[in-house]
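What follows is a set of notes on a single structure, which appears directly below.
Only the coordinates and a few stated rules stand behind these numbers; no lab work does. These numbers come from a predicted model, not from an experiment. For neighbour counting, all protein chains shown are included, and Cβ atoms are generated from backbone atoms with ideal geometry for every residue, glycine included.
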Amino acid sequence: MNKTVTFVSLLLVSVLIITVQSTLLSPRIAGYLFPDLNLIFIVFLAVYSETKGSFLLAAGNGYMMDVLSGNLPGTFTISRLSAYMLVRTSSNHVYLKKALVLGLVIFLTTIFTWTFILTIIRIKSDAGFQLSFSDIILQGLVNSVVGVPLFWAAGRIHARFQK
Amino acid sequence: MGFFKRRTILIILILFFIAIQLFSLDLRERNSQNPVSKLVLTLTYYPQKLVSSVTDKVVGAWRDYIDLMHVNEENKRLREELNALRQEKFELAEIKAQSTRLKKLLDFKDVSPYPVVSANVIGASPSMLRSQVVIVDKGGADGITEGMPVASYDGIVGRILLAGDKSSEVLLITDPVSAVDAYIHRTRARGIVKGVGSGCVMEYIENKSDVSVGDKVISSGKDGFFPKGVIIGTVTDISPSGSFISAGVSPHVDLNSLEEVVIIQKSVNNVVLNE
C-alpha cells in the first residue's frame, strides 16, 4: 500500500482512538479500569509499522493526550515517544507473536510510561496527583488483557493491507 | 543493557530531561495561546460531538425502552422539580438569615451580572493522570476564553482551562490544581476550596471560626475567577490543620454525571466588578 495512504490511515485511526478514549472510555466515565488505547496503539506502531512517519504519529498521539488531559505540556508527547523508541528497539529481540510475550510488552510499556511521568511529577511539582503505583499496575494489566486481542485483530488487518 | 541499543537509552535520557524542563503544572506558566493545542481541540471536536450525540441517542432510546409508561420523562420532570425545590429551600434559608449575598442560581441569566453561555459536555480527559477535566462544545467562536468560570444550576463546576475554536476544556473544582476563594455561608468564615480528586477540601479557615458539618460553602468572588455567592458544596467533616481548620467539602454539583453547564463570560481581569 502507498506509504502516504498508510500514514493518513494511521492518522485517522489515531484521531478515532483519542475520540473513543475521551468519550466512551474516559477514566471519568469508565473508571480507573479503562484501557489506554492510545498507548496500545503506540506499541502497535512500534512493533508493526514500517512507515517512517510512525515516529511522528507516536509523538502526535502523545500530543493529543497532552492537550485533552488538561493541556499538560509535553508530558505524554515525550513519555510516549520514549516508549515508542524503547519498544521499537527491543521488538527485534522478543518473540511478539506469543500472546504472553505481547501482553508482557504492553504491561511493561505501561509501567515505563507512567514511571517516566511520575518521576517528572515528583521532581517538578508539588501538586498532589492522586495516582498510586497500584493504579498503574492495574492499568498495565487492563492494557495487556485488552491489548493482546486488539493486536491480533489489528495485525491481521495490517497484514491484509500489506499484501 | 546490551538488550537495547545504547543510542536509544541516550535519546530517552535526553527526552526525559527535556520533559522535566517542559513540565509545569502551574497554570500561570502555561502557554494557552498555543495554536497547535487549539487545532487538536478543534480536530477532535467533531468526532467527539458525533460520538457524544450517538451515545446520547442510544442511551436515550434504551432508557425509553426500559422505562415503560413514560417513567423516564416523569423521573426527569421530578428531578427538575426536586432541584427547583432544593434551590427554593436554600434561598428561603438565606432570606430568613436576612442576607442577600447568595443569589438565585437556577437562572444565571437573571442573577449573573455577566452574560452566560450554555454548553453540553461532549468528552472528558483520556488520561488518569488528570481525570478531573471535561470537554464542552463551546469555544472561542462563542466568546469563551481561558479562565472563565463554569457552573450548573446546582453550583460551581470549574473554569475554562483551554479554549479551542469550537470546544473548550474545563478544569473541575475537584482537580488538585483548582483553588476557589470561599466562605462558609452561615458564618462567613473564609478559606480556600481545593480539589482532591474525589471531592474538595476547604483549607486555611481560621481556628476561631465557627464551622459545622452540613454548612454550605459559597464562593467569595475574591479570587478573580468565580462570581460571588455561588454555591460550591457542603461541609462533610472538620479537622485541625496546624493553626487552621480544614474542612472536607462535598461538591453540590454531581460532577460525575455532568451533561449541561453554563459558562459565565466573566473576564479574569474583572476582579473587583462584583465585590
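Results, tabulated for the structure shown:
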| read-out | value |
| --- | --- |
| Peptide B:132-140, shielding by other chains (average Cβ, 10 Å cutoff) | 2 |
| Neighbour net charge for residue A:152 - beta-carbon separation under 15 angstrom, K R +1, D E -1 | +4 |
| Backbone HN-Hα couplings from phi across the stretch B:147-163 [Karplus 6.51/-1.76/1.60, Hz, Gly and Pro as x] | x, 5, x, 10, 9, 10, 5, 9, x, 6, 10, x, 8, 6, 9, 8, 10 |
| Exercise: per-residue mean of other protein chain Cβ atoms within 10 Å, B:172-181 | 2 |
| Residues B:165, B:210, B:142, sorted so that the one with the fewest Cβ neighbours within 10 Å comes first | B:210, B:165, B:142 |
| Neighbour-count ranking [beta-carbon atoms within 10 angstrom, fewest first] of B:185, B:70 | B:70, B:185 |
| Test item: B:11-21 mean partner chain Cβ contacts at 10 Å | 6 |
| For residue B:164, distant residues with modelled amide H under 5 Å away | B:140, B:169 |
| For chain A, built as a Gaussian network whose Cα springs stay under 10 Å, the top-fluctuating residue of A:46, A:58, A:99 | A:99 |
| Gap separating the Cα centres of the stretch A:129-159 and the stretch B:121-157, nearest whole Å | 28 Å |
| Rounded tilt (10° steps) of A:99-124 against the dominant C-alpha axis of chain A | 40 degrees |
| Order of B:46, B:183 under a 10 Å beta carbon neighbour criterion, fewest first | B:46, B:183 |
